[in-house]
Amino acid sequence: MVRPLILARDADPARTRALAAAGVHPLLARLWAARGLDQAGPTEWAALIPPNRLTHVDRAGELLADAIQADRRLLIVADYDCDGATACAVAVRALREMGARVDFLVPNRFETGYGLSPAVVELALRHPAGRPDLLVTVDNGIASIEGVAAARAAGIEVIVTDHHLPGPALPDALAIVNPNQAGCGFPSKHLAGVGVIFYVMLALRAALRARSALPPRGGPKLETYADLVALGTVADVVRLDANNRLLVGQGLRRIRQGHMQAGLAALFEVAGRDPARAGTNDLGFALGPRINAAGRMADMSLGIHCLLEDEPARALELAKALDEINRERRARETVMREEALAHLDTHAQARAASVCVWQPGWHPGVIGLVASRLKETYWRPALAFAPDDGDTLRGSGRSIPEVHLRDALDLVSKRLPGAILQFGGHAMAAGLTLRTAAFDDFSQHFDDAVRILSARESFEPRLDTDGSLEPDYLTAETAGLLADQIWGAGFPPPLFQDRFRVLHQRLLKDKHLKLFLERDGLRLDAIWFNHAEPLPDLIEAVYRLDCNTWGGRNSVQLLIEDAREAA
């Protein structure tokens, strides 16, 4: 593991004072100022960016209203991750409440590839619920030029709702709702797929009200789907700008009050998490992976059915099945990661500017997770591959801020023609199909591309902290205050840096370091997960605050992220 460079964020004093003067807790004022805020973000629905600022959203609402009033068959085409699953659940639930005949189809990632492909259109034509009249994509479709053309050739129209970056050409759909399409003036470019379809449902309800098909303030209470919007938004790791923090905050508020879909309640139960204390960590690291596991290992329709189920006992059965699939995913991931590390330790590739690795028998649904682990371990762009068919490999990559991964693949495709059959993605993550025979040449060309684009031979990770934490805040109350906030991508949770004396240390399960620390007369419990090396007597530690509940008593615990001997 590469040791990170530790840097302290700069909290602008004027912003800190302005926030504190507005009644924000002094610690939160400092943390928010360090993240660029000069005022508390909006938290109520009235502050949500209006739907009509999304290009084509009103047109999509009118088209869906037409379809409902003409009793046409609608089919939602979902993506196979948590964002796609929650987006599908929001669409199906809301459309059914507004009188639509609607069902869903989620492609198998191993058979039909990503998005609305011509193969997916063929599946739609043979859907058990009947041939659809209108397809609505959620969390995909912006790149589905051939698929939309195939649907229209078969007499089926398409509405695209997506949030991914568009290519040079757009599909010929009836409407495209995507904040990232050219000319769209929507201020938040970071909506997840579930956020986009939530806005489309707001527009549909408004269209039906305008036609008097619903009472002026009637129709479904769409805020009841805020739990699903929050889950998909956090799980997709989109930037939590002010609008997304509002959406996630509303969802967490409902979850903490016990107002959530039966499937979410069941997922909290199987994950052993308390919804009354729900935070973004629960959504991103407990619920999200269990939904994602279905798409990685089996069939994402299982996850969608869990989110659509209203009967608690049946929802719990589905959640238990997802939990079992997730256990299988974790076991497979562990084996693949260990095989990758063992392979790289004996090859020069582990000492290059990038990491490329594959092994026979690897599961294609887990390679993205393996790539992510390798990126963290070596702190360089990493690609992991699994056998696809006889002579191709399916690859997934994760990158670091210094290297735009899609641009690197694009450069390789130009310098090594014919090796990459297809690729796509963005700066930090990408996927590709590669000829197996070209793997060695590809690995060298990819490493060269990383060096060229970054002008670097090696990379150093950084750990941004919020500096020292005042001793008076080393409490369970402060840990609870921080846990109640909306942290995530683009608005990272706080990390603090302080000097401690190590009073006692021992290993738990041969891999976690349990610590008893002292600072300024305070004695504190701490743990460093997945770290087995003993620490010196005096350390400089980077840590998070956690509230540990045991025997009905709450106490603060430090979760160590990094520690080294104090100078």
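Nothing in this text is a laboratory measurement; each read-out follows from the coordinates by a stated rule. All values reported here derive from a predicted model rather than from experimental measurement. With ideal geometry, Cβ positions are generated from the backbone for all residues, glycine too; neighbour counts draw on all protein chains shown.
Extending 7 Å from Cα along the Cβ direction at ASP391 and again at ARG456 yields two label points whose distance is 3.8 nm. Put a plus charge on the Cβ of each Lys and Arg, a minus charge on the Cβ of each Asp and Glu, and nothing anywhere else: the dipole of the range 347-454 about its Cα centre is then about 240 debye.
Quickly estimate the mean residue ellipticity at 222 nm for the chain, helices only: each DSSP H run with n ≥ 4 gives -39500 (n - 2.57), and the total goes over all residues, rounded to 500.
Working: 17 runs with 216 residues, N = 567.
Counting only the DSSP helices, I get -12000 deg cm²/dmol.
Since only PHE516, PRO4, VAL366 are under comparison, the one whose Cα sits farthest along the positive direction of the charge dipole of the chain, derived from C-beta charges on Lys, Arg, Asp and Glu, is PHE516. Compute the FRET efficiency between ASP537 and GLU146 as 1/(1 + (r/R0)^6), taking r as their Cβ-Cβ distance and R0 = 56 Å, and round to the nearest 0.05. It comes out at approximately 0.30.
Which GluC sites (Glu not before Pro) does the range 1-109 hold that lie in a coil by DSSP with at most 15 other beta carbons within 10 Å?
Details: sites: GLU44, GLU62, GLU97; in loops: GLU44.
Listed in order of number, the matching sites are GLU44.
Between ALA276 and GLU376, full extension at 0.36 nm per residue minus the direct alpha carbon distance yields a gain of 32.8 nm. In the chain, which whole DSSP H runs stretch at least 20 Å along their own axis (Cα) and average 0.0 or higher on the Kyte-Doolittle scale? Those that pass (Cα extent of 20 Å or more, hydropathy at least 0.0) are 82-97, 193-210. As a rough footprinting exposure proxy, the listed residues ILE527, ILE400, ILE367 were ranked by other beta carbons within 10 Å of their own, and the order from fewest upward is ILE527, ILE400, ILE367. Each Lys and Arg Cβ is given +1 and each Asp and Glu Cβ -1; about its Cα centre, the chain then shows a dipole of about 740 debye. Computed from the alpha carbon atoms alone, the convex hull of the range 125-206 holds 104 Å³ per residue.
Here's the list of aspartates and glutamates a cross-link from LYS511 could span, going by alpha-carbon distance under 16 Å and ignoring same-chain residues fewer than 8 apart: GLU338, GLU533, GLU561, ASP562. A DSSP coil position with no more than 13 other Cβ atoms inside 10 Å describes the following trypsin sites (Lys or Arg not before Pro) in the range 509-567: LYS509, LYS511.
Please give me the summed charge of the neighbours of VAL160: other residues whose Cβ is under 13 Å from its Cβ, Lys and Arg +1, Asp and Glu -1.
Numbers: positive: ARG59, ARG152; negative: ASP79, ASP139, GLU157, ASP162, ASP172.
Neighbourhood net charge equals -3.
Each of GLU324 and SER468 was given a label point 7 Å from its Cα along the Cα-to-Cβ line. The distance between the two points is 5.4 nm. The magnitude of the dipole of the range 51-322, with charges of +1 and -1 set on the Cβ of Lys/Arg and Asp/Glu and taken from the Cα centre, is near 680 debye. Taking a straight Cα-Cα cut-off under 25 Å and skipping sequence neighbours fewer than 8 places away in the same chain, the lysines within cross-link reach of LYS414 are LYS375. Extension gain for ALA21 to LEU522 (0.36 nm times residue separation, less C-alpha to C-alpha distance): 177.3 nm. Annotation: extensible slack from TRP550 through GLU402 equals 49.0 nm (criterion: 0.36 nm per residue apart, minus Cα-Cα distance). Counting beta carbons within 10 Å around each of TYR473, TYR199 and listing the fewest first gives the order TYR473, TYR199. Between LEU125 and GLN444, the FRET efficiency from the beta-carbon distance, with R0 = 51 Å, is close to 0.70. When the range 51-322 is described by a simple charge dipole with +1 on each Lys and Arg Cβ and -1 on each Asp and Glu Cβ, the residue from ALA91, LEU308, GLN250 located farthest towards its positive end is GLN250.
Farthest toward the dipole's positive end in the range 464-565, which of PRO493, PHE529, SER468, given Cβ charges of +1 (Lys, Arg) and -1 (Asp, Glu) about the Cα centre? Result: PHE529.
Below 10 angstrom from the Cβ of LEU231, what's the summed charge of the other residues (Lys, Arg +1; Asp, Glu -1)? Present the calculation step by step, with values, prior to reporting the outcome.
Numbers: positive: none; negative: ASP83, ASP227, ASP236, ASP282.
So the surrounding residues net to -4.
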